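Accompanying notes for the structure given below.
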Amino acid sequence: MNDKKLIFSGIQPTGTFTLGNYIGAVRNWGPLQDEYNCIYCVVDMHAITVRQDPVKLRQNSLNSYALLMACGVDPQKSILFIQSHVKTHAELSWILGCNTQFGELSRMTQFKDKSQKHADDVNSGLFTYPVLMAADILAYNADLVPVGVDQKQHLELARNIAQRFNQRYGDFFTLPEPYIPEVGAKVMSLQEPTKKMSKSDENPNACILILDDKDTIIRKFKRAVTDSDTEVCYREGKDGINNLMTIYSIVTGKDFAAIESEFAGRGYGDFKLAVGEAVADHLEPVRTEFDRLSKDKAYLKQCYTEGAEKALRYSQRIISKVYRKVGFVDKT
Ligand code: TRP
């Protein structure tokens, strides 16, 4: 490998990503490949911490893999794989779990939220979720991890686990840093713009899926909640308009001042339509490429098989050293 820094990130296999996932994360993964060594992973093992229909999970994992490629992740430039294909993640997770305190895991806000939401299934995988995430990252000694705000606490914990391991067994793991993209943006719900856009929102109009067709996208934007004002401008308190301006700015490359003058004297209706069209046009090539890839099952399989082989080779070297450090007997 060269001397570029190593980026690791993972995404849940929801099958289709939201505009929020896309703008906040996945859209940046392609361009990062030129500046960094990148390892990207579809985290199907994390997904089963909440109940999944096996048939759907398999399909969603494959779709997520193809969608990452359609969004610009190049399996020749990056290592792109499916988590369950690479056994080192589970192996390292066990060791890291033995270096993680019950109390630390109890403090994770996502665990608290999810255990309330899935009160009938507070399984130990849900509890140790952040340990597996730490293993994902540390199995490659990644330098940088692009994560949204909701995952910052987990990344902080991964650093603490790494640090504790280093103290006990001697310096070994790189302490991973969060990577915040330059034009990071949080996309809010179209219906309740103070809340994050989420696929699990009960109102389907709240959330744009990147595989939505053009008419659906435009319809959802037309129904976006705004305010009783009429002026398209970015200002505190105008959460709906601020969100639409952010989205429009990202997909068109126009800054806020340009957007404000473009829509000066025009109503919200015009603006919402323009945002919808711009987003649909922006996502069109992604949808086309996804359709093409989805039909080429053999090629997809070749990509994820090779990705898993590369990931295994890379992480196996690190795990072997970890096994020695903790005092396991050499196998050969
Ligand atoms: N927990 C992350 C999420 O839900 C996904 C994830 C799993 C991840 N392993 C990771 C992200 C490692 C970054 C690095 O978004």
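I'd like to check something: does the stretch 78-96 contain any residue that is surrounded by 22 or more Cβ atoms within 10 Å (Cβ to Cβ), assigned to a helix (DSSP H, G or I) and away from the ligand (no atom under 15 Å from the Cβ)? Among the residues of the stretch 78-96, not one is surrounded by 22 or more Cβ atoms within 10 Å (Cβ to Cβ), assigned to a helix (DSSP H, G or I) and away from the ligand (no atom under 15 Å from the Cβ), which makes the answer no.
Scoring A70 on the criteria (1) over 18 Å from V43 (Cβ atoms); (2) surrounded by fewer than 20 Cβ atoms within 10 Å (Cβ to Cβ) leaves a single failure, condition (2). Scanning the stretch 153-172 turns up one or more residues that are more than 20 Å from the chain's Cα centre (by Cα), assigned to a loop (DSSP other than H, G, I, E, B), away from the ligand (no atom under 16 Å from the Cβ) and within 19 Å of I7 (Cα to Cα).
Looking at the stretch 1-13, which of its residues are among the polar types (S, T, N, Q), within 18 Å of H154 (Cβ to Cβ) and open to solvent by 20 Å² or more (accessible area, probe 1.4 Å)? Matches in the stretch 1-13: Q12 only.
With respect to V183, is the statement that it is more than 13 Å from the ligand (Cβ to nearest atom), crowded, with 18+ Cβ neighbours inside 10 Å and at pLDDT below 95 true? Spelling it out, it is not the case that V183 is more than 13 Å from the ligand (Cβ to nearest atom), crowded, with 18+ Cβ neighbours inside 10 Å and at pLDDT below 95.
For every residue, the table says whether it meets (1) surrounded by 17 or more Cβ atoms within 10 Å (Cβ to Cβ); (2) more than 18 Å from V149 (Cβ to Cβ).
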| residue | (1), (2) |
| --- | --- |
| Q167 | no, yes |
| F173 | yes, yes |
| K195 | no, no |
| I208 | yes, yes |
| D212 | yes, yes |
| K238 | yes, yes |
| N243 | yes, no |
| V251 | yes, yes |
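Against the numbered list (1) more than 12 Å from the ligand (Cβ to nearest atom); (2) in a helix (DSSP H, G or I), D120 comes up short only at (2).
Matching residues to (1) open to solvent by less than 20 Å² (accessible area, probe 1.4 Å); (2) of a type in the set (A, V, I, L, M, F, W, C); (3) touching a His at 6+ places or on another chain (Cβ under 8 Å):
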{"position": "A25", "(1), (2), (3)": "no, yes, no"}
{"position": "N28", "(1), (2), (3)": "no, no, no"}
{"position": "Q33", "(1), (2), (3)": "yes, no, no"}
{"position": "V43", "(1), (2), (3)": "yes, yes, no"}
{"position": "A47", "(1), (2), (3)": "yes, yes, no"}
{"position": "V50", "(1), (2), (3)": "no, yes, yes"}
{"position": "P54", "(1), (2), (3)": "no, no, no"}
{"position": "S61", "(1), (2), (3)": "yes, no, no"}
{"position": "S64", "(1), (2), (3)": "yes, no, no"}
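Keeping to the stretch 173-182, report how many residues are in contact with a helix residue (DSSP H, G or I) (Cβ under 7 Å, 6 or more places away or on another chain), in a loop (DSSP other than H, G, I, E, B) and farther than 15 Å from A135 by Cα. The number of residues fulfilling the criteria is 1.
Condition check ((1) β-branched (V, I, T); (2) surrounded by 15 or more Cβ atoms within 10 Å (Cβ to Cβ); (3) under 23 Å from S320 (Cβ atoms)) across all residues:
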{"position": "K114", "(1), (2), (3)": "no, yes, no"}
{"position": "Y129", "(1), (2), (3)": "no, yes, no"}
{"position": "M133", "(1), (2), (3)": "no, yes, yes"}
{"position": "D136", "(1), (2), (3)": "no, yes, yes"}
{"position": "D143", "(1), (2), (3)": "no, yes, yes"}
{"position": "Q153", "(1), (2), (3)": "no, yes, no"}
{"position": "L157", "(1), (2), (3)": "no, yes, no"}
{"position": "Q163", "(1), (2), (3)": "no, no, yes"}
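Only one of the numbered conditions (1) more than 10 Å from the chain's Cα centre (by Cα); (2) aliphatic (A, V, I, L, M); (3) within 14 Å of the ligand (Cβ to nearest atom) is not met by I11, and that is (1).
Results for (1) over 29 Å from P13 (Cα atoms); (2) without any contact (Cβ under 8 Å) to a residue 40 or more places away in the chain, shown as yes or no for each residue.
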residue	(1), (2)
N203	no, yes
E231	yes, yes
I250	no, no
A257	yes, yes
A274	yes, yes
H282	no, yes
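The values are calculated or read from the model by the stated rules, or taken from the named source; none is laboratory data. Everything quoted here is computed from the prediction, not taken from an experiment. Ideal geometry is used to build each Cβ from the backbone, glycine not excepted, and the neighbour counts take in all protein chains shown. These accessible areas exclude ligands, DNA and RNA; they are computed on the full protein's heavy atoms, side chains included. Shrake-Rupley method; radii C 1.70, N 1.55, O 1.52, S 1.80 Å.
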